[in-house]
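Worksheet: the structure to be examined is printed underneath.
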Amino acid sequence: MGILLNRTSRVIVQGITGKEGSFHAGRMAEYGTRIVGGVTPGKGGTTHEGIPVFSSVEDAVRETGADVSVIFVPPPWAADAICEAAAAGIGLIVCITEGIPVRDTLLAVGEVHVHGARLIGPNCPGLITPAASAKVGIMPGSIHTPGTVGVISRSGTLTYEVVHQLTGRGLGQSTCVGIGGDPVIGTTFVDCLALFEEDPETEAIVLLGEIGGSAEEEAAAFITEHVNKPVFSFLAGRTAPAGKRMGHAGAVISHGQGGWPGKAAALREAGVTVIENPARMGETVAAWFERRGAEKPAVAKKPTRRRKGAGA
């Protein structure tokens, strides 16, 4: 049933009484997510929209058994919120907040590792597992449907676009993970590829990258050695003008590295189908399923090299 999130996940919302936290807590609960509490310092003992509020994550974990936290805390305090969740024993921390200083994120990621937790984000839309009717973050549940395509993305809006196209062609999703567009993030493409490779409910993977950094090149190296399932990719920024500052903090090309041609070449060398037109993402994945046949047998993992069946 996908990765990271399931029907038994017990979710708390840090910043639940704020505008964003309150709105999305309601949307997550409507979708079916098991929201067991919220955290706002100084408001412990109250309720918000029928959800119990605690003054600390430690209190929330002790009283509710929460194992997942989603953070809607303003940038100056968001890194501390991540650290608090990790120290309280939360295993999966999803930080939606955009604009956290890089130094603060670095310190928070270190704390997450010390406590053996996993961080998704920051500056991400979160994740969703449709078959479990569970989402943590801001992804619109209405466009998702249960299925066998795993999606990993640095871009929220591109995630929605490819999901819309997949759903429109009858292809559901196992889990969609928005890993975030900042230069420092908790969970990477490689981390998610490893999880999707081991997930029996995932038959194909869509990787949505962009220019800047080295995450796509690292993903390509990992796919070459460890991924048997077909991987499809769209890379944003192919026509970006030189010297133009992009929206994502991670989309920074430095010393000639991190450009579109190098990323596309690395992924193609790894056997990934690189889709250059974003309007063709859904049809390209659907074509692979159609070629494979209506029966869709389970994908068998090979002991060494991955199956090269993803070519368009």
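The values are calculated or read from the model by the stated rules, or taken from the named source; none is laboratory data. All values derive from a computational prediction rather than experimental measurement. Every residue, glycine as well, gets a Cβ built from its backbone with ideal geometry; the counts of neighbours run over all protein chains shown. Areas reflect the complete protein model, heavy atoms only, side chains present, ligands, DNA and RNA absent. Shrake-Rupley method; radii C 1.70, N 1.55, O 1.52, S 1.80 Å.
Among the candidates ALA251, ALA220, ALA264, which residue alone is at pLDDT below 85 and open to solvent by less than 30 Å² (accessible area, probe 1.4 Å)?
Numbers: ALA220 fails: at pLDDT below 85; ALA264 fails: at pLDDT below 85.
Being at pLDDT below 85 and open to solvent by less than 30 Å² (accessible area, probe 1.4 Å) holds for just one of ALA251, ALA220, ALA264, which is ALA251.
If you go through the stretch 1-28, how many residues are surrounded by 19 or more Cβ atoms within 10 Å (Cβ to Cβ) and hydroxyl-bearing (Ser, Thr, Tyr)?
Narrowing the stretch 1-28 to residues surrounded by 19 or more Cβ atoms within 10 Å (Cβ to Cβ): 2-5, 9, 11-17, 21, 24-25, 28.
From what is left, the residues that are hydroxyl-bearing (Ser, Thr, Tyr) are 9, 17.
Going through the stretch 1-28 one residue at a time, the tally reaches 2.
If you go through the stretch 128-137 one residue at a time, do you hit one that is open to solvent by 20 Å² or more (accessible area, probe 1.4 Å), in a helix (DSSP H, G or I) and free of Cβ contacts under 8 Å to residues at least 60 places away in the same chain?
no
Mind listing whichever residues of the stretch 1-28 are farther than 23 Å from SER142 by Cα and either outside any strand (DSSP E or B) or of a type in the set (Phe, Trp, Tyr) (or both)? Quick ask: steps written out before the conclusion?
First, the residues of the stretch 1-28 that are farther than 23 Å from SER142 by Cα: 14-15, 17-18.
Within the stretch 1-28, GLY15, THR17, GLY18 meet the criteria.
For the list (1) of a type in the set (Lys, Arg); (2) at pLDDT 95 or above; (3) over 20 Å from HIS115 (Cα atoms), I need the number of the one condition that ARG62 fails.
(3)
Yes or no: the stretch 29-41 includes at least one residue that is in a helix (DSSP H, G or I), at pLDDT 95 or above, open to solvent by less than 20 Å² (accessible area, probe 1.4 Å) and not charged (D, E, K, R). Steps first, please.
Keep residues of the stretch 29-41 that are in a helix (DSSP H, G or I), which gives 29-31.
Okay, now just the ones that are also at pLDDT 95 or above, so 29-31.
Those still in the list that are open to solvent by less than 20 Å² (accessible area, probe 1.4 Å) too: none.
No, because not a single residue in the stretch 29-41 is in a helix (DSSP H, G or I), at pLDDT 95 or above, open to solvent by less than 20 Å² (accessible area, probe 1.4 Å) and not charged (D, E, K, R).
State yes or no: is ASP104 at pLDDT 95 or above, within 25 Å of GLY32 (Cβ to Cβ) and among the charged types (D, E, K, R)? Let's see the steps before the verdict.
Details: at pLDDT 95 or above: yes; within 25 Å of GLY32 (Cβ to Cβ): no; among the charged types (D, E, K, R): yes.
No: the conditions fail for ASP104.
Return the residues of the stretch 173-198 that are at pLDDT 95 or above, part of a loop (DSSP other than H, G, I, E, B) and open to solvent by 10 Å² or more (accessible area, probe 1.4 Å); say none if nothing qualifies.
If the condition is that a residue be at pLDDT 95 or above, part of a loop (DSSP other than H, G, I, E, B) and open to solvent by 10 Å² or more (accessible area, probe 1.4 Å), then ILE185, GLY186, THR188 are the ones that fit.
May I ask you to list the residues in the stretch 153-172 that are of a type outside the set (Ser, Thr, Tyr) and either closer than 24 Å to ILE71 by Cβ or surrounded by 24 or more Cβ atoms within 10 Å (Cβ to Cβ) (or both)? Please lay out each step first, then the result.
Within the stretch 153-172, the first condition is being of a type outside the set (Ser, Thr, Tyr), and the residues that meet it are 154, 156, 158, 161-166, 168-172.
Selection gives ARG154, GLY156, LEU158, VAL162, VAL163, LEU166.
Filtering the stretch 223-242 down to residues that are of a type in the set (Gly, Ala, Ser) and in a loop (DSSP other than H, G, I, E, B), which residue is surrounded by the fewest Cβ atoms within 10 Å (Cβ to Cβ)? Please lay out each step first, then the result.
Restricting attention to the stretch 223-242, the residues satisfying the condition of being of a type in the set (Gly, Ala, Ser) are 233, 236-237, 240, 242.
The next check asks that each one be in a loop (DSSP other than H, G, I, E, B); those that pass are 237, 240, 242.
Values: GLY237: 18, ALA240: 17, ALA242: 6.
Ranking the qualifying residues of the stretch 223-242, first place goes to ALA242.
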